Structures are given as structure tokens and as C-alpha cells.
Amino acid sequence: MALAPPNPESGTDIFLWKHGEDDYQATFSASKTWDQLRVKKPKVAWSRVVWFSQGVPRFSFITWLTVKNRLSTGDRMRQRGLVQGCVLCGERDETKDHLFFACPYSYTVWEGLASRLMGRGINLDWHWTINCLQRLGEKRMDTILAKMLLQSVIYHLWRKRNARRHHQTWTTTDQLRRVIDKAVRNKIVSLRYKFDHKYGGLL
Ligand SMILES: [Zn+2]
């Protein structure tokens with residue numbers, strides 16, 4: 001389509017913000033503008049397991065790295081010429097799937113904390129665990145609690161694994177479970193849901 005050349009008789013220039021395809025308005029919207037600029041990719045199935053409003057950001061971040069298989073586990077360190085077995089159980093091959101939760105130490109911690117919530121969803125297999133959480137009703141209290149627990153378990157196991165690598169003191173699975181349980185309780189208290197809130201019964 002040919003555009004007519006600018007003509008002062010048509011009036012003065014005005015600025016408009018693009019809100020969408022063929023949708024220009026005088027008002028600025030940060031979210032609409034961001035939508036125009038960003039590269040859109042399809043939403044990944046696991047996103048709600050990693051990112052949710054009750055999550056602890058540092059736990060979510062480590063969980064995200066785990067889902068993407070970006071933690072520097074033994075199998076990935078080998079590419080840099082380093083040898084690293086599982087420091088929690090002695091297994092030669094330390095992989096993400098081993099740590100979460102094929103490792104007997106990790107599994108004992110996870111199973112002890114989440115078996116009541118996850119029921120048959122409790123499994124050694126990483127993909128099974130993530131799939132199971134993806135399928136649970138997103139807004140259910142049990143689901144939120146299971147996701148909080150999973151992230152707290154991943155975070156604390158990874159920290160424990162790093163501490164062990166640097167020869168720090170041994171922690172029993174019972175001790176670690178208590179630490180994780182407390183971290184989740186603290187988070188729920190900090191959310192300050194009122195008694196009559198739909199998630200008021202989380203604790
Ligand atoms: Zn292990």
C-alpha cells in the first residue's frame with residue numbers, strides 16, 4: 001500500500017504506542033510494550049513446578065538449574081577432566097537423576113517428607129516426580145505444599161552435597177529432614193495468610 005507523503009495540512013505529528021498488531025494507542029503500557037519486544041517461546045510444561053508465588057526464590061532458582069540439568073554434577077564435571085562420585089552414598093556416577101532421587105540418602109530424605117502428600121507419586125525417578133507434580137491440580141493446597149517441599153529438598157540436598165565435597169560435617173537424613181521441614185514452615189509463616197484465606201491451612 002502506498003502511503004501519502006507527509007503534509008503539514010493534515011495536522012501535527014503525534015506519538016502512539018504499539019499495544020498489539022494494528023493496535024496503536026496514546027497510553028504507554030510496560031507489559032504490552034514488553035510483549036512486543038520479547039521473543040516468544042511456547043510455555044514449558046514444568047514452568048509451574050519451578051515458578052509459583054509461594055516459592056522461595058533461591059530454592060526455585062536451584063530447582064530451575066536442576067530441571068535444565070545445569071548443576072555441576074559429576075557427569076558434567078567429567079567434561080572438564082574432574083572426577084566426582086556421589087558424596088552422599090559413594091556411587092561412582094553422580095548425575096542429576098542420581099541425586100534426585102535415585103541416591104539412597106536423597107530418597108530417604110524426600111520420601112520421609114513428601115510420601116503423605118505425593119502418595120504414589122513418590123518415586124526414585126526424576127521425570128516421574130516432575131510429571132506427577134505437573135499433573136496435580138495447580139491451585140490445590142497439597143500441590144503447593146508438595147512443590148515447596150520438592151524445592152526445599154533439592155536446595156538443601158545440593159547444599160549438603162557441596163558441603164560434603166569440602167569435607168564439612170556429616171548430617172543424618174533425619175537432621176536434614178528437620179532443616180527442610182523448618183525452612184518450609186518458615187516460608188509459610190512469612191506468607192502471612194489469614195486464617196480464612198484459601199491457603200490459610202497450609203501450615
Ligand atoms: Zn548417592
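The values are calculated or read from the model by the stated rules, or taken from the named source; none is laboratory data. Given the structure is predicted, the values throughout are model-derived calculations rather than measurements. Here Cβ is always computed from backbone atoms with ideal geometry, including for glycine, and neighbour counts include all displayed protein chains.
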(request) Just give me the residues in segment 69-95 being under 15 Å from the mean Cα position of the chain (by Cα) and over 23 Å from LYS187 (Cβ atoms), in sequence order. (result) ASN69, ARG70
(message) Condition check: surrounded by fewer than 13 Cβ atoms within 10 Å (Cβ to Cβ), within 15 Å of the ligand (Cβ to nearest atom) and assigned to a loop (DSSP other than H, G, I, E, B). Does GLY137 satisfy that?
(response) no
(message) Here are the criteria: (1) free of Cβ contacts under 8 Å to residues at least 24 places away in the same chain; (2) touching a helix residue (DSSP H, G or I) at 6+ places or on another chain (Cβ under 8 Å); (3) outside any loop (DSSP other than H, G, I, E, B); (4) crowded, with 16+ Cβ neighbours inside 10 Å. Tell me which single one LEU124 does not satisfy.
(response) (3)
(request) Taking HIS167 as meeting all but one of (1) modelled with pLDDT of 95 or more; (2) surrounded by fewer than 18 Cβ atoms within 10 Å (Cβ to Cβ), write down the number of the exception. (result) (1)
(request) Go through segment 37-115 and tell me which helices (runs of 4 or more DSSP H), entirely inside it, have 3 or more residues that are crowded, with 19+ Cβ neighbours inside 10 Å. (result) 57-67
(message) Taking the conditions exactly as written (of a type outside the set (Ser, Thr, Tyr) and touching a residue at least 12 places away in the same chain (Cβ under 8 Å)), does LEU82 satisfy them or not?
(response) no
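With the structure loaded, tell me whether ALA102 is modelled with pLDDT of 95 or more and either under 19 Å from ILE62 (Cα atoms) or away from the ligand (no atom under 16 Å from the Cβ) (or both) or whether it fails that test. Steps first, answer last, please.
Numbers: modelled with pLDDT of 95 or more: yes; either under 19 Å from ILE62 (Cα atoms) or away from the ligand (no atom under 16 Å from the Cβ) (or both): yes.
Considered against the rule, which asks whether it is modelled with pLDDT of 95 or more and either under 19 Å from ILE62 (Cα atoms) or away from the ligand (no atom under 16 Å from the Cβ) (or both), ALA102 comes out as yes.
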(message) Checking the condition in contact (Cβ under 8 Å) with a residue 40 or more places away in the chain, among the aliphatic types (A, V, I, L, M) and surrounded by fewer than 20 Cβ atoms within 10 Å (Cβ to Cβ), which residue from ILE188, ILE180 passes?
(response) ILE188
(request) Kindly indicate whether VAL153 is surrounded by 13 or more Cβ atoms within 10 Å (Cβ to Cβ) and part of a helix (DSSP H, G or I). (result) yes
